[in-house]
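Q: Below: one structure in structure tokens.
Values in this text are rule-based calculations from the coordinates and carry no lab data. Predicted model, so just to flag it, every value in this text is computed and none were measured. Neighbour counts are summed over all protein chains in view; Cβ atoms, including those assigned to glycine, are modelled from backbone coordinates with ideal geometry.
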Amino acid sequence: MFFLLSKILDAVLLPTVWLATLLLGALVARQPRRQRQWLRAAAGLVLVGTNPALSNEALRAWERPAVPLAALPARADAAVLLTGITDVGRWPNDRVYLHAGADRLTNALWLYRAGRVRRIVVSGGGGGAAGSEARALATLLGLAAVPPADIWLEERSRNTHENAQFTRQLLARHPGLDTLVLVTSAFHMRRAQGCFERAGLHPRLFPADFRSVGRSLTPEYWLLPDPSALEQWSLLLHEVAGWAVYKARGWC
């Protein structure tokens, strides 16, 4: 039931759904004054929703900041890489398809190659015919010459709460792992950090996959509408709502 409700909430929070609702309201309104009200609301939503400066600034405020390698422990026991970055339904399924969050994988690999972590724990189920997402990413890590002994898989989790709970269970079978580095998208790090701390794990944070960009003083940044701003708002609203639901359930 929780997963069904979360999907419904995702749809309700989409700015494009709001815009369609406002335009439909204008279409069915019988009084001209009501029509103008609906249309003004739709125009306001378009102005705000397509403004790249507003969406970018909001996303910058939510994302966890980048962490220099020098700020991490000399060599942590493991990096915990959260999945959710593969397109498991694509065909042919004889390869691994990555989407916009691929920086999670490359950053975890960077930590390993830089000698900042001894191993990589890949956490995430939810795979397709080819297996779990964790196993798919393990395949790519193997192609990057990470030894199988240094790749640990947690393949049962379906969400961030379960990522933390099942990772804790996995690590409990390997006493002595004291220092962890959590690798996930910068916009997702608040929720992930809360879940892992609730599970009794206190990892260092290494945000990846930044969706915001640096500020600009150009007129285009502040005034020119950009449809990609709607995608930023959708991402941010989805994550803030997810974080709030997790808080209410005591998961983070």
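Q: Sort 229-238, 92-101 by packing, meaning the average of other beta carbons within 10 Å per residue, with the highest value first.
A: In descending order of packing, they fall as 229-238, 92-101.
Q: Follow-up. Find the Rg to Rh ratio for the range 69-208, where Rh is the Kirkwood radius over alpha-carbon pairs and Rg uses the same atoms.
A: Across the range 69-208, the Cα-based Rg/Rh ratio is 0.93.
Q: Then there is this: Can you compute the charge dipole magnitude of the range 73-221 about its Cα centre, using +1 on each Lys and Arg Cβ and -1 on each Asp and Glu Cβ, nothing else charged? Give it in debye, rounded to the nearest 20.
A: So the dipole magnitude of the range 73-221 works out to roughly 240 debye.
Q: Putting +1 on Lys and Arg Cβ atoms and -1 on Asp and Glu Cβ atoms, find which of T86, P148, I8 reaches farthest to the positive end of the dipole of the chain.
A: So the residue we want is I8.
Q: Same structure, new question: Output needed: percent of Cα pairs per 10 Å distance bin for the chain, bins running from 0 to the one holding the longest distance.
A: Histogram of Cα-Cα distances, whole percents per bin: 7, 26, 31, 21, 10, 4, 1, 0.
Q: Further question: Can you tell me what share of the DSSP beta bridges in the chain is antiparallel? A percent to the nearest 5 is fine.
A: The antiparallel proportion sits near 10 percent.
Q: So if each residue of separation counts as 0.36 nm, and I subtract the Cα-Cα distance between R95 and R34, what length gain in nm does that give?
A: Net length gain for the segment: 16.6 nm.
Q: Among H161, L27, V122, whose Cα projects farthest towards the positive end of the dipole of the chain, with charges put on the beta-carbon of Lys, Arg (+1) and Asp, Glu (-1)?
A: L27
Q: Return the sequence-ordered ³J(HN,Hα) values of the range 234-248 in whole Hz as given by the Karplus equation 6.51 cos²θ - 1.76 cosθ + 1.60 applied to θ = phi - 60°, using x for Gly and Pro.
A: 4, 4, 5, 4, 4, 6, 4, 5, x, 4, 5, 5, 4, 4, 5
Q: Once you have the Cα-Cα distance between A70 and V240, take 0.36 nm times their residue separation minus that, and quote the gain in nm to one decimal.
A: Extending this stretch completely gives an extra 58.2 nm.
Q: Which value, in debye to the nearest 20, describes the size of the charge dipole of the chain about its Cα centre when Lys and Arg Cβ atoms bear +1, Asp and Glu Cβ atoms bear -1, and nothing else is charged?
A: 600 debye
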